[in-house]
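The values are calculated or read from the model by the stated rules, or taken from the named source; none is laboratory data. Small disclaimer: the values here were computed from a predicted structure and weren't measured. Virtual Cβ from ideal backbone geometry, glycine too; neighbours counted across all protein chains shown. With ligands, DNA and RNA removed, areas are computed over all heavy atoms of the protein, side chains included. Shrake-Rupley method; radii C 1.70, N 1.55, O 1.52, S 1.80 Å.
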Amino acid sequence: MQSQNPDRSWQEATAKAFHLHEWSFTLKTSGNPFSPAENDVVAEILLPGGQTIRQPAFWDGENTWRVRFTPVRSGSMRWRLLMNGKPVDVEAQMQMKAISPQALQGFVRKHPRLPQFVTDNGKTFYPIGQNVAWRTQSADYPTFFEQMGRAGMNWARVWLCHWDWKNPDWRMDRRVEPGWLDLEVLRRLEEIVRLAEQHGIYIQLTLQHHGQYSTRTNPNWAENPWNERNGGFLTSPEQFFTHPRSVEITRNKYRYFVARWGYSPHIMAWELFNEVEWTDAAANGKWDVIARWHREMARFLRSVDVHRHLITTSSHLEHPDLWAEMDYYQPHYYVPDIAGTLMGMKCTQWNKPIFIGEWGGVNPRQWGDEAFLRQGLWVGVMRGLAGAAQWWSWDTTEPRKWYTHWGSLTRFLKLAGFPSKTVWQPVQAQVLSDIRAPYRFAPGGGWQRTERYRFTIPTDGSAVDGLSSLSRFVQGDSHRDMCREPVVFEVDFAQAGTCTLQIGTVARSGAAITARLDGRTVAEERFPPAERDTPVNKEISFPVPAGKHTISVFNPGADWFTLDSVTLHPYAPPDKVAACGDGKSAMWYLWREQPVQARVRLKVAGVKPGRYRVLWWDPLKAEAVLSTLVTVSGAGLQVEVPAHERDIAGFLLPSGHRVSL
């Protein structure tokens, strides 16, 4: 039954905070149910606090419509249904149900003053998990989320991609008319949201990916149903950002997502794009167009999302206009030394939360290296960022059952009291040892212009400053503007040793390398052109006398090669260290390139004098190895490090704190 009597349109209901309230009703409509221009169905809700909101309804097949809403306050509320701006009287069935234990904490927000996340109840939210962009041949989301939940992981990044039947306007087996959405796909997505709620996972939902609108990088444009050649209406990938019809139906799609899943606190954020820098629009320099699209879509989402979910995107960080309306930064890094890249990030330089949304290696060996994985996970949490560094290769995690690495880390963090309401920031830490071991470092930049050409390599094992400004693509004449001069490393060998340059891949046009020691050429090699970019995985080594020297690397050839790493041996203490603290407690992680027998001490600055408990943790075995009481003087913490093969972690708490193992 439907009525146009506004006096009868208001209905009473009871709101229960952070519970799902769902109204189901029958409503006969005509035209496109996914277009608010034709069928604008919303619930107008008068909240317990007196605020009036409008929550979009969504069509769920035949004549069934639903409204989903999660109040943040309990009490009496009133609601009515509006269709195309006019009240309608319908008989609605309302169900109220619990979402999850975690949902009772509220939605994830930006902290009002600090670059971190909090839930509505004021508790710090620290995302730690991995990407699960699509299912694999051996596993789907029930398996992923169950295993992740058991390991204490709380974050996942899910792509709406057509090959995994998760893009509701693009199916591989049949055409979806532009402007319509496929209910079967939407229900698959709904099941993923339900699974996330069941296992305590917060989803960063990636709404678009670069391949949809790229002819160059992971291109899907040739199959895109909006491509004019496939019966669509776009003549080029770039038009996605500007064509009026594209903008309109994309907004309608996002509005539907808000209506259907916006109720859930387990949607941490709407991510507008994956790696938008790889679209054709970006390749052709149209960053103003891309930034304007992001700005307008973010404002639109905020206008319809009464639950106020966070909004982000993922891309390089060099375009501030792109990030102006985003709630947090999401860079991605695929580098040969993830620990070095993370150590080079300065959390204080950002005016909003930031964490690494994707990371991984540059060669197959790294993707299968558990030590490499642990370094990214553990160093990531020591850098004062708003979340952990989120591993990309879930299709490696699942078959190898690497969830135990996250389980070890999350258990350690819980014992250490992390996160807390106070801010954890990097603190100065130093490894002390009489043994000199190999010291490896690597450029931290990807395909970008090298902005810095001179680096001092510390002898104490600490991070090389500024490596994120050095591209690992050492350019030749084809892109000389991206690498204008030799890259120089200032070194100081305590004893005679060697320098090894690891060359990874060479461009198909060929390249060359010239290495000089104190201005004297010590190594030269030319790489001829080939049919394609070629992995060469070549080591170039030369001796270095004791003392201070400069080592320079230059490419006089036609095109680029990748400098995957530089190793100096023997050069620094056997361990590197990352540490952070909140003024009351501290934690740290030590790792080494290769096993070595060495006595090592750790020095952590900024620890106030007093009596403390230090607990040491084996990241691989996921167990405590030693717990001791120490007294800290004004010089900070100095403590003997237990013997370890590859890595070890520890934390410090005031002695009165109990640690339950």
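When the residues of the range 351-368 are filtered to those that are in contact with a helix residue (DSSP H, G or I) (Cβ under 9 Å, 6 or more places away or on another chain) and outside any helix (DSSP H, G or I), which remaining residue is surrounded by the fewest Cβ atoms within 10 Å (Cβ to Cβ)? It would help to see each step written out before you state the result.
The initial filter retains those residues of the range 351-368 that are in contact with a helix residue (DSSP H, G or I) (Cβ under 9 Å, 6 or more places away or on another chain), namely 352, 354-356, 359-361, 365-368.
Next, only the ones that are outside any helix (DSSP H, G or I) stay: 352, 354-356, 359-361, 368.
Working: K352: 15, I354: 24, F355: 26, I356: 25, W359: 25, G360: 19, G361: 21, G368: 13.
If we take residues in the range 351-368 being in contact with a helix residue (DSSP H, G or I) (Cβ under 9 Å, 6 or more places away or on another chain) and outside any helix (DSSP H, G or I), then G368 is surrounded by the fewest Cβ atoms within 10 Å (Cβ to Cβ).
Inside the range 515-555, counting only strands (runs of 3 or more DSSP E) that do not spill past its ends, which hold 3 or more residues that are open to solvent by 40 Å² or more (accessible area, probe 1.4 Å) and farther than 22 Å from V491 by Cα?
By residue number, 534-544.
Considering only the range 236-251, state which residues are closer than 23 Å to L189 by Cα and either open to solvent by 30 Å² or more (accessible area, probe 1.4 Å) or in contact with a Lys or Arg (Cβ under 6 Å, 6 or more places away or on another chain) (or both). Before you say what the answer is, go through the steps one by one.
We begin by selecting, within the range 236-251, every residue closer than 23 Å to L189 by Cα; these are 246-251.
Those that are closer than 23 Å to L189 by Cα and either open to solvent by 30 Å² or more (accessible area, probe 1.4 Å) or in contact with a Lys or Arg (Cβ under 6 Å, 6 or more places away or on another chain) (or both): E248, R251.
Pairs under 6 Å by beta carbon, first residue farther than 24 Å from R520 by Cα in the range 461-489, partner among the charged types (D, E, K, R) and surrounded by fewer than 19 Cβ atoms within 10 Å (Cβ to Cβ), six or more apart or different chains?
Matching pairs, first to second residue: G466/R452; S469/E451; S469/R452; M482/R449.
Suppose we filter the range 464-514 for residues that are outside any strand (DSSP E or B), among the small types (G, A, S) and over 30 Å from the mean Cα position of the chain (by Cα); how many remain?
Narrowing the range 464-514 to residues outside any strand (DSSP E or B): 464-470, 472, 475-486, 494-496, 507-510.
So of that shortlist, the ones also among the small types (G, A, S) come out as 466, 468-469, 476, 478, 494, 496, 507, 509-510.
Applying the additional criterion that residues be over 30 Å from the mean Cα position of the chain (by Cα) yields 476, 478, 494, 496, 509-510.
Qualifying residue count for the region: 6.
Out of all the residues in the range 291-304, is one or more at pLDDT below 95, open to solvent by less than 20 Å² (accessible area, probe 1.4 Å) and of a type in the set (A, V, I, L, M, F, W, C)? Outline the logic, then answer.
Of the range 291-304, the ones at pLDDT below 95 are none.
Within the range 291-304, not a single residue is at pLDDT below 95, open to solvent by less than 20 Å² (accessible area, probe 1.4 Å) and of a type in the set (A, V, I, L, M, F, W, C).
So Y254 passes all but one of these: (1) assigned to a helix (DSSP H, G or I); (2) touching a helix residue (DSSP H, G or I) at 6+ places or on another chain (Cβ under 9 Å); (3) open to solvent by 20 Å² or more (accessible area, probe 1.4 Å). Which condition number does it fail?
Going through the list (1) assigned to a helix (DSSP H, G or I); (2) touching a helix residue (DSSP H, G or I) at 6+ places or on another chain (Cβ under 9 Å); (3) open to solvent by 20 Å² or more (accessible area, probe 1.4 Å), Y254 breaks only (3).
Exactly one of (1) part of a loop (DSSP other than H, G, I, E, B); (2) at pLDDT below 95 is unmet by P71. Its number?
Only one criterion in (1) part of a loop (DSSP other than H, G, I, E, B); (2) at pLDDT below 95 is unmet by P71, namely (2).
Restricting to the range 149-183, what's the tally of residues that are within 22 Å of the chain's Cα centre (by Cα) and open to solvent by less than 50 Å² (accessible area, probe 1.4 Å)?
16
Hey, can you tell me all the residues within the range 258-279 that are open to solvent by 10 Å² or more (accessible area, probe 1.4 Å) and in a helix (DSSP H, G or I)? I'd like the intermediate steps shown before the answer.
Within the range 258-279, the first condition is being open to solvent by 10 Å² or more (accessible area, probe 1.4 Å), and the residues that meet it are 275, 277-278.
The answer is E277, W278.
Is it the case that the range 375-388 has a residue that's surrounded by fewer than 22 Cβ atoms within 10 Å (Cβ to Cβ) and aromatic (F, W, Y)?
There is no residue in the range 375-388 that is surrounded by fewer than 22 Cβ atoms within 10 Å (Cβ to Cβ) and aromatic (F, W, Y).
Going through the range 435-457 one residue at a time, which ones are over 17 Å from K576 (Cα atoms) and part of a strand (DSSP E or B)?
G445, R454, F455
Considering (1) touching an Asp or Glu at 6+ places or on another chain (Cβ under 7 Å); (2) without any contact (Cβ under 8 Å) to a residue 60 or more places away in the chain, say which one I356 fails and leave the rest.
If we test I356 against (1) touching an Asp or Glu at 6+ places or on another chain (Cβ under 7 Å); (2) without any contact (Cβ under 8 Å) to a residue 60 or more places away in the chain, just (1) comes out false.
If I filter the range 322-332 for residues that are in contact (Cβ under 8 Å) with a residue 24 or more places away in the chain, surrounded by 23 or more Cβ atoms within 10 Å (Cβ to Cβ), over 15 Å from the mean Cα position of the chain (by Cα) and assigned to a loop (DSSP other than H, G, I, E, B), do I get at least one hit?
Checking the range 322-332: not a single residue is in contact (Cβ under 8 Å) with a residue 24 or more places away in the chain, surrounded by 23 or more Cβ atoms within 10 Å (Cβ to Cβ), over 15 Å from the mean Cα position of the chain (by Cα) and assigned to a loop (DSSP other than H, G, I, E, B).
Pull up the range 80-97, narrow it to residues that are touching a Lys or Arg at 6+ places or on another chain (Cβ under 9 Å) and hydrophobic (A, V, I, L, M, F, W, C), then point me to the one that is farthest from W10 (Cα to Cα).
Per the stated criteria, the residue is M96.
What pairs come out if I take residues in the range 146-162 that are on the phi > 0 side of the Ramachandran plot and pair them with residues that are open to solvent by less than 30 Å² (accessible area, probe 1.4 Å) and of a type in the set (A, V, I, L, M, F, W, C) whose C-beta lies under 7 Å away, six or more apart or interchain?
The qualifying pairs are G152/W406.
Identify the single condition in (1) in a strand (DSSP E or B); (2) at pLDDT 95 or above; (3) open to solvent by 20 Å² or more (accessible area, probe 1.4 Å) that A558 does not satisfy, given that it satisfies every other one.
For A558, the exception is condition (1).
Which of the following residues is among the aliphatic types (A, V, I, L, M) and free of Cβ contacts under 8 Å to residues at least 24 places away in the same chain: V596, V566, V630?
Values: V596 fails: free of Cβ contacts under 8 Å to residues at least 24 places away in the same chain; V566 fails: free of Cβ contacts under 8 Å to residues at least 24 places away in the same chain.
Unique residue meeting the criteria: V630.
Looking at the range 593-646, which of its residues are open to solvent by less than 30 Å² (accessible area, probe 1.4 Å), among the β-branched types (V, I, T) and not in a loop (DSSP other than H, G, I, E, B)?
Residues satisfying the conditions are V604, V614, V630, V632, V639.
Which one of the conditions (1) among the aliphatic types (A, V, I, L, M); (2) open to solvent by 10 Å² or more (accessible area, probe 1.4 Å); (3) over 29 Å from the mean Cα position of the chain (by Cα) does L568 fail to meet, given that it meets all the rest?
(2)
Please verify whether L186 is open to solvent by less than 10 Å² (accessible area, probe 1.4 Å), closer than 16 Å to T250 by Cα and over 22 Å from the mean Cα position of the chain (by Cα), treating the condition exactly as stated.
Working: open to solvent by less than 10 Å² (accessible area, probe 1.4 Å): yes; closer than 16 Å to T250 by Cα: yes; over 22 Å from the mean Cα position of the chain (by Cα): yes.
Here the answer is yes, as L186 does meet what is asked.
Tell me which of these R452 doesn't satisfy, since it passes every other one: (1) open to solvent by 20 Å² or more (accessible area, probe 1.4 Å); (2) touching a strand residue (DSSP E or B) at 6+ places or on another chain (Cβ under 7 Å).
Every listed condition holds for R452 apart from (2).
Counting only residues that are in contact with a His (Cβ under 7 Å, 6 or more places away or on another chain) and surrounded by fewer than 18 Cβ atoms within 10 Å (Cβ to Cβ), how many does the range 115-148 have? Reasoning before the result, please.
Let us first name the residues in the range 115-148 that are in contact with a His (Cβ under 7 Å, 6 or more places away or on another chain), namely 117-118, 145-146, 148.
Add one more test, that the residue is surrounded by fewer than 18 Cβ atoms within 10 Å (Cβ to Cβ), and what stays is 146.
Of the residues in that region, 1 qualify.
Only one of A507, A586, A511 is over 17 Å from V464 (Cβ atoms), in contact with a Cys (Cβ under 9 Å, 6 or more places away or on another chain) and open to solvent by less than 10 Å² (accessible area, probe 1.4 Å); which?
Values: A507 fails: in contact with a Cys (Cβ under 9 Å, 6 or more places away or on another chain); A511 fails: in contact with a Cys (Cβ under 9 Å, 6 or more places away or on another chain).
On inspection, the qualifying residue turns out to be A586.
Within the set of pairs 6+ apart or on separate chains, which have a first residue in the range 59-88 that is without any contact (Cβ under 8 Å) to a residue 40 or more places away in the chain, a second that is open to solvent by 10 Å² or more (accessible area, probe 1.4 Å) and outside any loop (DSSP other than H, G, I, E, B), and C-beta atoms under 6 Å apart?
N63/T26
Looking only at the range 408-424, filter to residues that are assigned to a helix (DSSP H, G or I) and open to solvent by 20 Å² or more (accessible area, probe 1.4 Å); which one of those is nearest to Q330 (Cα to Cα)? Step through it out loud before you land on a result.
Let us first name the residues in the range 408-424 that are assigned to a helix (DSSP H, G or I), namely 408-416.
Restricting the remaining residues to those that are open to solvent by 20 Å² or more (accessible area, probe 1.4 Å) gives 410-411, 414-415.
Numbers: T410: 22, R411: 25, K414: 25, L415: 28 Å.
Checked the range 408-424; the qualifying residue nearest to Q330 (Cα to Cα) is T410.
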